[in-house]
Amino acid sequence: MDFSVNLNPWGPPQILKEHWNDWFRYVSYYPPLDWEFYQKRIALLYNLDQNLILPFNGATQGIYFIARRHQAKKIFVIEPCFTEYARAFNLEGKTVIHSNLLFREGFHSIMSRIERESPDLIVLGNPGNPLGQCLSKKERLILYHWCREKKVALLVDEAFQEFIQEKTSFLPQLNGEDQTLIIIRSLTKYYSLAGLRGGFIVANPSLVEEWKMALEPWSINTLLAVTLDLLASIDLGEFHSLTLQELRNEKRYIEESLGKLFNLFELQPSVVNFYTIRIKAQTSCFYSFLQNQKLIVRFLGDFWGMSNDFFRFSVRTHEENIKLIQVINEYARTL
């Protein structure tokens, strides 16, 4: 069982499975060259102005595209954060500054560091990966208005916003005048479409129009094109309700179960479909124990400022979550 991949276990939407066999013929078709095709359908799916949308072959392609195209030279990453941001900007020869860990340092300390460093661009996870946490509304507005005042770009990763019904999204702050805010979104996590590679950025229309000219043709595959066409044309209310209800139930089960093992594991709070845990004893033994039980989690030693006593696991179906809790309890009994 793979708990290292943080996809929606109740996806993809059932209607995709019903059409899948009919879509085999599309493997021989080139995808649409007209970017407006994708913009229109993403706009319908997310209730956005299509002029704000730039589609990509996965959010990760968007990250590397921004690293290449944006004029920023000094990048400040609020940590912990998805590791591809730092890698993408480093590959372009840009200076990447890492904050101390936000959940240890606190927001006001991070803001003081930002003011001292005077970066050109700030990267924020909202909710962040691997913690699954968000800044408070007051903190988000402080950061946003500081960036606008100082003309510092704010790059916000919102790959998991659907799991919290857009409650902390920066989308309401985006308007035709705002040149600083860039939001990265993904179809991968919530819709469980990792293999189709769907993502997009939301930004000022003038920036979208400029960057659209630099996109490679046929970089989005035909199967994603027909998937978007379908999802944008139907009512997904049942899928949304199922996901949010099941996620709520499973998070309650996981938090209650792991709360009993507080002497061995420190569970970080999370608002989304994954958790980070710090192991308090015998870290290396824990990973080998899980491996012997054929369970995979994501150890976090390669995330900035974190070590191998931290690991992330996704919320899966109830049967899978029961198995994970059973194995963790078995490990606890061996200590």
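The values are calculated or read from the model by the stated rules, or taken from the named source; none is laboratory data. Model, not experiment: these values are computed from the prediction. Cβ coordinates were reconstructed from backbone atoms using ideal geometry, including for glycine residues, and neighbour counts include every protein chain displayed. Heavy atoms of the whole protein, side chains included, go into the accessibility calculation; ligands, DNA and RNA do not. Shrake-Rupley method; radii C 1.70, N 1.55, O 1.52, S 1.80 Å.
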Query raised in the report: For the stretch 250-301, what is the convex hull volume of the alpha-carbon atoms per residue, in Å³?
Result: 96 Å³
Report summary line: the stretch 1-144: relative contact order from alpha carbon pairs under 8 Å, six or more residues apart, as a whole percent, is 19 percent
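Between Gln14 and Lys167, take the C-beta separation as r, use R0 = 35 Å, and let me know the FRET efficiency to the nearest 0.05. Write out the running numbers ahead of the final one.
Values: r = 26 Å, r/R0 = 0.74.
Once rounded, the FRET efficiency stands at 0.85.
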Query raised in the report: Which whole-Hz ³J(HN,Hα) couplings does the stretch 50-63 yield from phi under the Karplus relation 6.51 cos²θ - 1.76 cosθ + 1.60, θ = phi - 60°, glycine and proline marked x?
Result: 4, 6, 8, 10, 10, x, 9, 7, x, 4, 5, 4, x, 4
**Report entry** the stretch 268-335: C-alpha gyration tensor shape, a/c 1.5 cut-off, then a/b vs b/c
**Finding:** oblate
Report summary line: Applied in sequence order to the stretch 98-105, the curve 6.51 cos²θ - 1.76 cosθ + 1.60 (Karplus, θ = phi - 60°) yields integer Hz couplings, x standing for Gly and Pro, of 9, 6, 5, 5, 4, 6, 9, 8
Query raised in the report: Considering only protein heavy atoms, what is the solvent-accessible area of Asp22 at a probe of 1.4 Å, reported in Å² to the nearest 10?
Result: 90 Å²
Query raised in the report: Under 14 Å from the 7 Å Cα→Cβ point of Leu335, by amide nitrogen: which residues of the stretch 292-311?
Result: 309-311
Query raised in the report: Which value, in Å², gives the accessible area per residue of the chain when a 1.4 Å probe is used on the protein heavy atoms?
Result: 46 Å²
Report summary line: On the accessible surface of the stretch 114-253, probed at 1.4 Å with all protein chains in place, carbon and sulfur together account for a percent value of 50 percent
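Full-extension gain between Trp23 and Ile142, please, as 0.36 nm times their residue separation minus the C-alpha to C-alpha distance.
Working: separation 119, 0.36 × 119 = 42.84 nm, distance 4.73 nm.
Additional length available on full extension: 38.1 nm.
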Requested in this report: Alpha carbons only, please: Rg and Dmax for the stretch 145-304, in angstrom.
Outcome: 20.0, 55
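Based on the mean of other beta carbon atoms within 10 Å per residue, what is the order of 14-20, 161-167, most packed first? It would help to have the intermediate numbers written out before the result.
Numbers: 14-20: 12.4, 161-167: 17.6.
Sorting 14-20, 161-167 by mean packing, highest first, produces 161-167, 14-20.
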Query - Length released on extending from Val5 to Leu236, taking residue separation times 0.36 nm less the Cα-Cα span - result: 80.8 nm
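What does the convex hull of the alpha-carbon atoms of the chain project to on average, in nm²?
Averaging across all directions leaves 17.4 nm² for the Cα convex hull.
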**Report entry** Leu154 long-range amide H proximity, modeled H, under 5 Å
**Finding:** Ile122, Leu181, Ile182
Requested in this report: Can you send over the carbon and sulfur percentage of the accessible area for the stretch 10-102, probe radius 1.4 Å, protein chains only?
Outcome: 48 percent
**Report entry** Label-zone membership for the stretch 1-22, site Asn292, 7 angstrom Cα→C-beta point, backbone N under 18 Å
**Finding:** 1
